1. Counting only residues 5 or more places away or on other chains, whose amide H sits under 5 Å from the amide H of ILE94 once H atoms are built in the peptide plane?
2. Which shape class applies to the stretch 55-98: rounded if a/c is under 1.5, otherwise prolate when a/b exceeds b/c and oblate if not, where a ≥ b ≥ c are the square roots of the Cα gyration tensor eigenvalues?
3. Helix-only estimate, please: 222 nm mean residue ellipticity of the chain, summing -39500 (n - 2.57) across DSSP H runs of length 4 or more and dividing by its residues, to the nearest 500.
4. For the stretch 190-196, what does the Karplus curve 6.51 cos²θ - 1.76 cosθ + 1.60, with θ = phi - 60°, yield as ³J(HN,Hα) per residue in whole Hz, taken in order and with x for Gly and Pro?
5. Tabulate in residue order the Karplus-calculated ³J(HN,Hα) for the stretch 37-43, using 6.51 cos²θ - 1.76 cosθ + 1.60 with θ = phi - 60°, rounded to whole Hz; enter x for Gly and Pro.
6. Below 8 Å between Cα atoms, with a sequence gap of 6+, how large is the relative contact order for the stretch 49-179 in percent?
7. Compare LEU161, LEU187, LEU108 in a GNM of the chain, Cα atoms joined below 10 Å, and give the one with the largest fluctuation.
8. With a 10 Å cut-off between alpha carbons and a GNM built on the chain, which of ALA192, ALA127, ALA15 moves the most?
Amino acid sequence: MNRPKRMLLENIAWAHETAHADAQFFPRLAQGQSPKVLWIGCADSRVPAETVTNANPGDLFVHRNIANLFSASDDNTMSVLEYAVRVLKVDHVIVCGHYGCGGVRASLLPQSSDLPHVNRRIAPLCALGQRHRHELDAFSELDARANRLAELNVLEQVRLLRQHAIVCERDEPPLVHGWIFGLHDGLIKVLASGYADEGETQHAARAQVASLQAA
Ligand code: CO
């Protein structure tokens, strides 16, 4: 059986099972959406937003791209943000990166001539890596450097989102959180919580990273 056909059969099975478990599920879904969270994640197939947070259809408004980048000059990203914040009125914007990110790793390597779009997309990541060159150079392994840059990238996207007018000029601005997903254990680590005690959270997260690296 070809893959699309298998997927369609799985869809039929899922629709039946879901309706069987909750007869009102699809009628409710059809009435409209009111997600409380905008998820900005990596396009990587291993980090599906709903699956890793045990969320359901209707829970998350999702935007994914290579290396979970927020770019104010990109109408795709901006239209999602604008709609989520101004129309859906989400309470939270979560930037979720992940360790082992190919996009982040690529930004530390020479450009690939057959990937002009990717090169353009990850240019801000290359610049971020340059800005943190000294810290990153402390890691001898490329993968460790990429993992630290993946964390710095999440924090950078959080910073950019928090200062953007669409976010900060709303009467009650949504909280912007920075998370990172571990492929090795499936767990999410909080890098920036969005809450008032963020300094503590960030400090705890950094201490955790440091102790993991020392181990
Ligand atoms: Co990725």
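1. LEU38, TRP39, ILE40, HIS177
2. Oblate is the answer for the stretch 55-98, as a/c is 1.5 or above yet b/c matches or exceeds a/b.
3. Using -39500 (n - 2.57) per qualifying helix, the result is -14500 deg cm²/dmol.
4. Values per residue, Gly and Pro as x: 8, 9, 8, 8, x, 9, 4 Hz.
5. Rounded to whole hertz, the list is 10, 9, 9, 10, x, 7, 6.
6. Taking the mean separation of contacting Cα pairs over the length of the stretch 49-179, I get 34 percent.
7. Highest fluctuation of the listed residues: LEU187.
8. Evaluated over the chain, the most mobile residue of the options is ALA15.
Taken together, the values in this text are just the output of simple stated rules run on the coordinates, not laboratory data. Computed from a predicted model, the values in this text were never measured in an experiment.
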